[in-house]
Each structure stands twice: as C-alpha cells, then as structure tokens.
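Take a look at the structure set out below.
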Amino acid sequence: MEQMVKGTYVYKVDPEKPDPNKIAACAWLLKTGKTVAFPTETVYGLGADALCPEAVAGIFAAKGRPSDNPLIVHVAKREDCELLAEPVSARARRLMEIFWPGPLTLVLPRRKGVSPLVTAGLDTVALRMPDHKVALALIQEAKMPIAAPSANVSGRPSPTCAAHVLKDMAGRIGAVLDGGETGIGLESTVLDVTRKVPVILRPGGITRLDIEAVLGEVKVEKTQEDEAIFLPRSPGMKYRHYAPEADMLVVEGNPNRTAEEIIKEAKAASAAGKKVVVLAPKEHLFRYEGFWAVSMGQEKKPETIARRLYKLLREMDDLRVDLILAQGIDSSGIGAAIMNRLRKASGFSIRRV
Ligand code: TXA
Ligand code: MG
C-alpha cells in the first residue's frame, strides 16, 4: 500500500511493471488538478495537467520556479503532439521516429490553446516522450499531456530517486510514484527545431553527434558558461542552477595541472577550517592521496558520471561540506551535458589551467 510523508502520498512501483491501481490513483490526482512526481529515464519530473492552467500553477508554486522559465510537456503518443504544436515539421517527425521515446525534447511552434503559463508566454512549446514505463503508463491512464519540470526545488540538483523528491517536495505535492533510481541521471537534450539550423539549447542524454547523424548541421546555443571561461564571474552569472549548498569550484584542463591547482585550493581551504571534498573521475583519484577525494564515476564510461552526479552533490549537502573542488572531464559526447551541469552547479566558478 501507499505511505504518506507530510501529506504527500508515496506509491512504490515496479519500474518495469507498475501496479495499474497505483497508476490509476495518481492519474486521478492529476485529473483533479494536483501535482504528481514520477520517474523518467533522465530524472524525476513533477507533473500536472498541461491543459489546465490552475494545475500548472501548482507546479510553479511547489518548486518556487520563476514564471519566465517554460515547462516541457510530456506525451505518450506522437499523435498527441498535434494537440500542442503546429506545424509539426517533417524534420521534427523524423527526430521523433528515431529518438522517441527518449531523452530528446523538441521545441516547436505552439498551438493557440496551450496555456502561456506552460510556455512562459513564448510562441513555442517544448515536447518530449519519456522512455520509462511508469511515466508512459501515467500519461496514458490520465489521458492528458503532462507538463513536468524536474521535481526539485528551483535551483537545486534534479532528483534521481524518490528520496530526493521527498526531501525537496514532501508536503508540497500530491504524490510521488517511486520507481527506483533513474537511468541517465541528467536531463534531456533540448533542441529548437523552429530555426533554419536546429539549435541545442541544453545538452543532455542525446548528443550533438547523435542529432547531426540525422539532420546534418546542428548549432549549440552559446551559453553563459562559454563566456564565463573567458570572463569569469561577470555580473549576471551568479544565478546558480543544479546547485549544492556548498561553494564549488570546477578546475578544467590538463589533469596534472588540474590536480596541482585543486590540491593548492584544498590545502588553503582546509587551513581555514573548511570541510573540503574533491570530486574526480575514478582514474584520477590517485592524484589526491592524503585528501578526501570521492569518485564521480569512470572517465572512460562518462555515463557512469552522469548517473551519479546529482546524487553526489546532494550527499555533499547531507555531509555539510563547505567546499567542493571538481575536476573537469572531456566535454565530448555526454561529457558536454556533464560539464554544462557542473559549471552551472558551481555558479560558473570555473578555472582553466
Ligand atoms: O529530462 C528532462 O527534460 C526532465 C524530465 C522530467 O523530463 N525535465 C526537465 O525539465 O529537465 P526542466 O523544467 O527542469 O527543464 C526544462 C528546460 C528548461 O531549460 C527550459 O528553459 C526549456 O526546457 N524549455 C521549455 N520550454 C521551452 C521553450 N518553449 N523554448 C525554449 N526552451 C524551453
Ligand atoms: Mg530542472
């Protein structure tokens, strides 16, 4: 049966074969305008009826999310896109056929009926079909497109298990479907296909190369992080996303010099009485002998880093760490998404050596 934590129902389900009664209970909550958190293949989402503005308002309230940040709408069938977007170009259809269900969000021209609350007043809407049986079962049973951002308090690391959701959201949301840990661990790739040359707005589970193999040329939005490397700490970059409570510095470059720089910083902060942890790929832990160093996962298998990154950041909060020193990794493939989140988590406190 379900449990309750501070007024939020917790329904534990088998991620491969979710109990239809528990799915029905959560679908009912959605139909009555409540919010429900659910697992996807990337991170946990906080869902509400995308076609009901009051329900969508509940998401913004629970997360403390600024209203100028639009939501992704989740569908279970490609046909449902027609309710939300118009026109759905041949190019978009092709991407759906190849990558859906999966971690690719497509930004398309929105239909008039879609609430401006969902799209933050933009004339586009972001759509995705998650590759997770629990998410798909919930959307199908509720018979509605589900607007869902990551199920964390705004600015915090995204949740990769139900315990993370409850830590942030217990008492603020209707229910959580606990389907265990998510697989990819970082959010979907957001691709704007309304422009002549499609643009990656957020790197994620589907890589630039994956998309280029289908479409040819693809651009990557020039982000704050690129500028931050050249103009460290310029105004306007102080806003943190995916952020732990600890201060954080990301050191990038040649591994020998990176380790030297990290050790120098670790010594100084320790001498000042701070609790310091080094996050580095497993293959590089040997460089930090005598320091508290934790494995991010394997550099050779960056998907292992993606999977545990947010969990690690949350664990460092639980341990009341003052300073996290992170060793950067190669930013090709899924590494682009990992470095994007690490840099943002640090509030663009980045050093290149
Ligand atoms: O993997 C994911 O995408 C997860 C799971 C739950 O599906 N969702 C997620 O949602 O990460 P959220 O709200 O944390 O991030 C949504 C991103 C934001 O960067 C937002 O600005 C962008 O998508 N976005 C949404 N609608 C957009 C639009 N119409 N145009 C441009 N960007 C949009
Ligand atoms: Mg988010």
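Laid out as a table, the results:
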item	result
Filter result for Lys267 (free of Cβ contacts under 8 Å to residues at least 12 places away in the same chain and closer than 30 Å to Ile206 by Cα)	no
Residue that is surrounded by the fewest Cβ atoms within 10 Å (Cβ to Cβ) [pool: residues in the stretch 118-134 that are within 16 Å of ligand 2 (Cβ to nearest atom) and over 10 Å from Val73 (Cβ atoms)]	Ala120
Among (1) touching a Phe, Trp or Tyr at 6+ places or on another chain (Cβ under 8 Å); (2) within 22 Å of Thr160 (Cα to Cα) - the single one Asn340 does not satisfy	(1)
Pairs where the first residue, in the stretch 238-261, is under 7 Å from Val353 (Cβ atoms) and the second is of a type outside the set (A, V, I, L, M) and open to solvent by 60 Å² or more (accessible area, probe 1.4 Å), C-beta under 7 Å, 6+ apart	Val251/Arg351; Gly253/Arg352; Glu261/Arg351
Among (1) of a type in the set (A, V, I, L, M, F, W, C); (2) over 13 Å from the mean Cα position of the chain (by Cα); (3) farther than 12 Å from Val75 by Cβ - the single one Ile184 does not satisfy	(2)
Any hit, the stretch 94-106, residues being within 15 Å of ligand 2 (Cβ to nearest atom), over 21 Å from Met4 (Cα atoms) and within 19 Å of the chain's Cα centre (by Cα)	yes
Test for Leu95: is it within 11 Å of ligand 1 (Cβ to nearest atom) and either buried (at least 18 other Cβ atoms within 10 Å of the Cβ) or among the aromatic types (Phe, Trp, Tyr) (or both)	no
Exclusive hit being under 22 Å from Pro15 (Cβ atoms), at pLDDT 95 or above and within 14 Å of ligand 2 (Cβ to nearest atom), set Val165, Val153, Val190, Val176	Val165
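Residue by residue, here is whether (1) of a type in the set (Val, Ile, Thr); (2) surrounded by fewer than 21 Cβ atoms within 10 Å (Cβ to Cβ) holds:
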position	(1), (2)
Thr160	yes, no
Ile184	yes, no
Val197	yes, yes
Pro203	no, no
Ile206	yes, no
Glu217	no, yes
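The values are calculated or read from the model by the stated rules, or taken from the named source; none is laboratory data. No experiment lies behind these values; they were computed from the predicted model shown. A quick note on method: Cβ atoms are made from the backbone with ideal geometry, for glycine too, and the neighbour counts reach across all protein chains shown. Quick note on the areas: whole protein, heavy atoms, side chains included, nothing else; ligands and nucleic acids left out. Shrake-Rupley method; radii C 1.70, N 1.55, O 1.52, S 1.80 Å.
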